[in-house]
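The values are calculated or read from the model by the stated rules, or taken from the named source; none is laboratory data. None of the values given here were measured: they were computed from a predicted structure. Here the Cβ positions follow ideal geometry from the backbone for every residue, glycine too, while neighbour counts run over all protein chains shown. Just the protein is used for accessible areas: all its heavy atoms, side chains included, with ligands, DNA and RNA removed. Shrake-Rupley method; radii C 1.70, N 1.55, O 1.52, S 1.80 Å.
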Amino acid sequence: DVRTIVIDTETDLWEMRRLAQWGRESSVPDQYGALNKDIRNIYDSIAGTDKNLFVISEMKKKYITKIVRTRSGERELSEWDGSYEMAGWSNAGAKVEVNVEAVFDPKTKTFSTTVVNCGVRAELAGQTYEGAESNFPFLAAEVFPDTTPDFWGYDDYVAGL
């Protein structure tokens, strides 16, 4: 009878599965073929059902590598480019129907949700929902326009506030 499955966090799932495969972190190789297949199979097994899947991923700073010239020659320097990227399995965003970035602004004390990509309705990419519209029932009704927020439990959502 479960309607929704939540993986909180995908980053932890990825790290636990990676350590289970190779043991302690110092012995982890950089070839992930079998591990990627296992993680992909988790997503695929849920995709073939009538379940909603929420996957929460942590974000990490995105670094770029530059070649800098010094008196002793050239060397690589990694530097934060000011943006963030998903940590964990890099294909997670491609295996879900909707990939969003949710942000809380402590100054205004409001949430916003931006659609990164959407396999169901590509035109939603880049759309931002703020405040009262930044919730699952509202977003789900946008992704599946033949439904309403009430279909996705909006009344239950509002009652819980």
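Quick notes
- Identity of the residue in region 133-156, open to solvent by 20 Å² or more (accessible area, probe 1.4 Å), of a type in the set (A, V, I, L, M, F, W, C) and touching a Phe, Trp or Tyr at 6+ places or on another chain (Cβ under 8 Å), that ends up farthest from E101 (Cα to Cα): W152
Conditions tested, residue by residue: (1) of a type outside the set (A, V, I, L, M); (2) at pLDDT 90 or above; (3) farther than 24 Å from M86 by Cα; (4) in contact with a Leu (Cβ under 9 Å, 6 or more places away or on another chain).
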site: S112; (1), (2), (3), (4): yes, yes, no, no
site: C118; (1), (2), (3), (4): yes, no, no, yes
site: A141; (1), (2), (3), (4): no, yes, yes, no
site: F151; (1), (2), (3), (4): yes, no, yes, no
site: D155; (1), (2), (3), (4): yes, no, yes, no
site: G160; (1), (2), (3), (4): yes, no, yes, no
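- Evaluation of R121 against the conditions (1) out of contact with any helix residue (DSSP H, G or I) (no Cβ under 9 Å at 6 or more places or on another chain); (2) over 19 Å from I56 (Cα atoms) shows that the sole unmet condition is (1).
- Flag if E101 is within 16 Å of the chain's Cα centre (by Cα) and either open to solvent by 80 Å² or more (accessible area, probe 1.4 Å) or more than 27 Å from K60 (Cα to Cα) (or both): yes
- Only a single criterion out of (1) open to solvent by 70 Å² or more (accessible area, probe 1.4 Å); (2) in a loop (DSSP other than H, G, I, E, B) is not satisfied by A20, namely (2).
- Filter result (part of a loop (DSSP other than H, G, I, E, B), in contact (Cβ under 8 Å) with a residue 12 or more places away in the chain, open to solvent by 60 Å² or more (accessible area, probe 1.4 Å) and within 19 Å of D12 (Cα to Cα)) within region 55-98: E58, N91, K95
- Per-region count, region 72-89, residues in contact with a helix residue (DSSP H, G or I) (Cβ under 7 Å, 6 or more places away or on another chain) and small (G, A, S): 2
- On the stretch given as region 99-141, residues that are aliphatic (A, V, I, L, M) and part of a helix (DSSP H, G or I) total 6.
- Selection count where residues are over 18 Å from T147 (Cβ atoms) and surrounded by 13 or more Cβ atoms within 10 Å (Cβ to Cβ), scope region 112-130: 7
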